[in-house]
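*Asks:* This structure is in structure tokens; I'll ask about it shortly.
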């Protein structure tokens, strides 16, 4: 599923934000136009991809956000919106009036939440208002950016607002050559332990935890893998593949942490598959140079068998920052 | 050869009562009773070609109704209005036998038409009074002709590419019911004119319904049919333009203030040529039959 950025503006400034570099380099007023949305929708339909994610920045800051959602729904796309849930009164009322009654089969939200202790009162009020109204359409997303994270407030949200019983766990990644907060490689096992410590609560509350990209397999012990396997009914993913992002200026890139490398124009491609193949090939080249985030990744049979992709590629790119250009030349473009 | 014209008039029961066995285009407003007009026309032994609704308000405020199904309708509106309101009526509009025209005077209409066509609503532009944004029109034409994505037709591009003949002129006035070979305009006093504007401005070619069957013998009518020849008498006039065969001087009065028509119509012709070549390529072999 491709991600379409409606706007580069955001209402928050999360310390771990791996879109920070992209946002900083972008023109803040740049928003997706109707004509470009139609072009993307046409390209996706032509590619038989009928699911689309809308994100930003904060997508609800786009003045035509609701109209865009209605348009895509009318074209029979399943629309998933990544939002902070923080929006102005007028936009919230419009969303409630127009989108509130749309079936969860057609529209869903991933509400990315931060620890309430680190959030302002008004931010929290906004998030609660959003979840109260759109809980039935919403999954909570949480980005882990330190090993001793806290998930208690999420369980509370799920129960209080009747959210979907699924937690989308993201892992904050480094932006190559930049400074943002993320879980360092040597702290990943601690982070994994912390996550496993929450499993009994997940199970008691019948909430499933799903991994976003970039979790390496070997940060979990055999026993922990077994627990996760049972918890997720055998559906475990330790992948890292190109998540195609499309900017308001019609540039595309292979995922946010890598947004400052290998940006292309969407017009260079004939289908979504072409875009995906381009970035898959490129990522493969990087993995040929640096197998994964750990030294052991080179000889790992699970990586060879693609059971694990060796963690987030952004870590691999970090290897290239302070060295001469000795790798595949495509990596540096 | 006597030509059976389609008569364009206002919805006037008195006038319609005097017309028999004619194909009619009936102009009306958005608040009119559309099924009643359809029924009235057909009850008077006339055939309804199309009802043209002139919407003075936004397109979104048009009272589209289930009972419009099957009736050929064209809506001319200056602006689209609320997208959300349109979306509420989208399923119905798509089911209607309708074509929606928006005014080029409003820049956002190029995008609005793009949206409507991509949602499967047949639509088109109608040319307003202000300077035309030829680039925006070209973008819309490019989408209309070249886009491989599913979309509805956009006029007048659709008409041009479907009627284009590289060896002849292609007059897209028919899209706006103004081609004298096909349409005649008539008012309640039975004044007959070539175009809607001529009728409003009192430039009549004849007066009386009884004159319609022999209108091809009318001198003013003949003049109107050949009025395009005037362009050949002007030095560097539109007739010398590369795109003459498709444009036929329709923008001659505005060309000084708003050049760009020539480039657009050259691109339009290229698109029509392309469409023709695609059609030719896809033409299936017709095998002889026993």
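*Asks:* Does residue A:143 satisfy the condition of being crowded, with 20+ Cβ neighbours inside 10 Å, modelled with pLDDT under 95 and either assigned to a helix (DSSP H, G or I) or more than 14 Å from chain B (Cβ to nearest Cβ) (or both)?
*Replies:* yes
*Asks:* Collect the residues in region A:146-178 that are in a loop (DSSP other than H, G, I, E, B), in contact with a strand residue (DSSP E or B) (Cβ under 9 Å, 6 or more places away or on another chain) and closer than 20 Å to residue A:188 by Cα, keeping them in residue-number order.
*Replies:* If the condition is that a residue be in a loop (DSSP other than H, G, I, E, B), in contact with a strand residue (DSSP E or B) (Cβ under 9 Å, 6 or more places away or on another chain) and closer than 20 Å to residue A:188 by Cα, then A:149, A:151, A:172 are the ones that fit.
*Asks:* Sticking with this one: Give all pairs with beta carbons closer than 8 Å in which a residue from region A:113-129 that is at positive phi meets a residue that is modelled with pLDDT of 90 or more and surrounded by 18 or more Cβ atoms within 10 Å (Cβ to Cβ); count only pairs at least 6 apart in sequence or on separate chains.
*Replies:* none
*Asks:* Among B:217, B:190, which is more than 28 Å from residue B:132 (Cβ to Cβ) and in contact with a strand residue (DSSP E or B) (Cβ under 7 Å, 6 or more places away or on another chain)? Steps first, please.
*Replies:* Working: B:217 fails: in contact with a strand residue (DSSP E or B) (Cβ under 7 Å, 6 or more places away or on another chain).
Residue meeting the stated conditions: B:190.
*Asks:* Would you please name the residue that is surrounded by the most Cβ atoms within 10 Å (Cβ to Cβ), looking only at residues in region A:271-305 that are outside any helix (DSSP H, G or I) and touching a residue at least 40 places away in the same chain (Cβ under 8 Å)? Steps first, answer last, please.
*Replies:* From region A:271-305, those outside any helix (DSSP H, G or I) are A:271, A:290-294, A:300, A:305; that's our starting set.
Pick out the ones that are also touching a residue at least 40 places away in the same chain (Cβ under 8 Å) and you get A:271, A:292-294, A:300.
Working: A:271: 14, A:292: 23, A:293: 25, A:294: 17, A:300: 18.
Residue satisfying both the conditions and the ranking: A:293.
*Asks:* Out of region A:42-53, which residues are more than 14 Å from chain B (Cβ to nearest Cβ) and either in a loop (DSSP other than H, G, I, E, B) or touching a helix residue (DSSP H, G or I) at 6+ places or on another chain (Cβ under 7 Å) (or both)?
*Replies:* So in region A:42-53, the residues more than 14 Å from chain B (Cβ to nearest Cβ) come out as A:51-53.
Across region A:42-53, the qualifying residue is only A:52.
*Asks:* Just to be sure I understand the filter: pairs with C-beta atoms under 7 Å, separated by 6 or more residues or on different chains, first member in region B:156-177 and under 17 Å from residue B:72 (Cβ atoms), second member assigned to a loop (DSSP other than H, G, I, E, B). Which pairs pass?
*Replies:* Going by the 7 Å Cβ cut-off, the qualifying pairs are B:174/B:182; B:175/B:156.
*Asks:* I'm trying to understand the selection: among the residues of region A:54-65, which are part of a loop (DSSP other than H, G, I, E, B), at pLDDT 95 or above and touching a strand residue (DSSP E or B) at 6+ places or on another chain (Cβ under 7 Å)?
*Replies:* A:62
*Asks:* A further question follows. Test of understanding: among B:87, B:80, which residue is crowded, with 17+ Cβ neighbours inside 10 Å and more than 20 Å from the chain's Cα centre (by Cα)?
*Replies:* Criteria check complete, one pass: B:87.
*Asks:* Within region B:114-147, take every residue that is touching a strand residue (DSSP E or B) at 6+ places or on another chain (Cβ under 6 Å) and away from every other protein chain (no Cβ under 11 Å) and give me the one that is surrounded by the most Cβ atoms within 10 Å (Cβ to Cβ).
*Replies:* Filtering first and then ranking leaves B:123.
*Asks:* Within region A:66-78, identify whether any single residue is assigned to a strand (DSSP E or B) and either within 14 Å of chain B (Cβ to nearest Cβ) or at pLDDT 95 or above (or both), and answer yes or no.
*Replies:* Looking only at region A:66-78, we keep the residues that are assigned to a strand (DSSP E or B), and these are A:78.
Within this subset, residues satisfying the condition of being either within 14 Å of chain B (Cβ to nearest Cβ) or at pLDDT 95 or above (or both) are A:78.
Scanning region A:66-78, I find at least one residue that is assigned to a strand (DSSP E or B) and either within 14 Å of chain B (Cβ to nearest Cβ) or at pLDDT 95 or above (or both), so the answer is yes.
*Asks:* Where the second residue is in a helix (DSSP H, G or I) and the first is exposed (fewer than 13 other Cβ atoms within 10 Å of the Cβ) and lies in region B:209-236, which pairs have Cβ atoms under 8 Å and are six or more apart or on separate chains?
*Replies:* Matching pairs, first to second residue: B:232/B:239.
The values are calculated or read from the model by the stated rules, or taken from the named source; none is laboratory data. Computed from a prediction, not measured in an experiment: that's the story for all the values here. Cβ coordinates were reconstructed from backbone atoms using ideal geometry, including for glycine residues, and neighbour counts include every protein chain displayed.
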